[in-house]
Amino acid sequence: MSLHCENIVKTYSGKDVLHDVTLDLKPGKIYGLIGRNGAGKTTLLGILTAQNTKNSGSVTYNGQ
């Protein structure tokens with residue numbers, strides 16, 4: 001089982017909040033997501049959990 005996102009883009013009011021984010025999360029690992037306020041951490045987590053929409057890119061869990 002793995003969670004994969006590729007080329008995620010999220011735009012608010014014409015400004016890119018996330019631009020071409022690609023990552024691969026493997027089971028059994030611990031990951032940290034760090035960054036300044038307004039860097040897009042919560043937006044990315046919302047997209048990965050289908051609570052937020054993305055403008056482009058793909059998110060797959062176990063290949064689906």
_Cβ-defined net charge surrounding ASN52, 14 Å radius [Lys, Arg +1; Asp, Glu -1]_ = +3
*Peptides 50-62, 25-37: what's the order by average Cβ count within 10 Å, highest mean first?*
50-62, 25-37
*asked:* If I stretch the segment between THR53 and THR22 completely, what's the gain in nm (0.36 nm per residue apart, minus their alpha carbon distance), one decimal?
replied: 9.6 nm
*With a probe of 1.4 Å, find how much accessible area the chain has per residue, and write the answer as a whole number in Å².*
74
*Taking only DSSP H segments of four or more residues, each worth -39500 (n - 2.57), what value at 222 nm results for the chain once the sum is divided by all its residues, to the nearest 500 deg cm²/dmol?*
-3500 deg cm²/dmol
*Heavy atoms only, probe 1.4 Å: what % of the accessible area of the chain goes to carbon and sulfur, would you let me know?*
52
*asked:* Tell me whether the chain comes out rounded, prolate or oblate; compute the Cα gyration tensor, take square roots of the eigenvalues as a ≥ b ≥ c, and use a/c under 1.5 as the rounded threshold.
replied: oblate
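The values are calculated or read from the model by the stated rules, or taken from the named source; none is laboratory data. This one's a predicted model, so the numbers in the text were calculated from it and none came from an experiment. Cβ atoms come from the backbone with ideal geometry, glycine included; neighbour counts cover every protein chain shown. Keep in mind that these areas ignore ligands, DNA and RNA; they rest on the heavy atoms of the full protein, side chains included. Shrake-Rupley method; radii C 1.70, N 1.55, O 1.52, S 1.80 Å.
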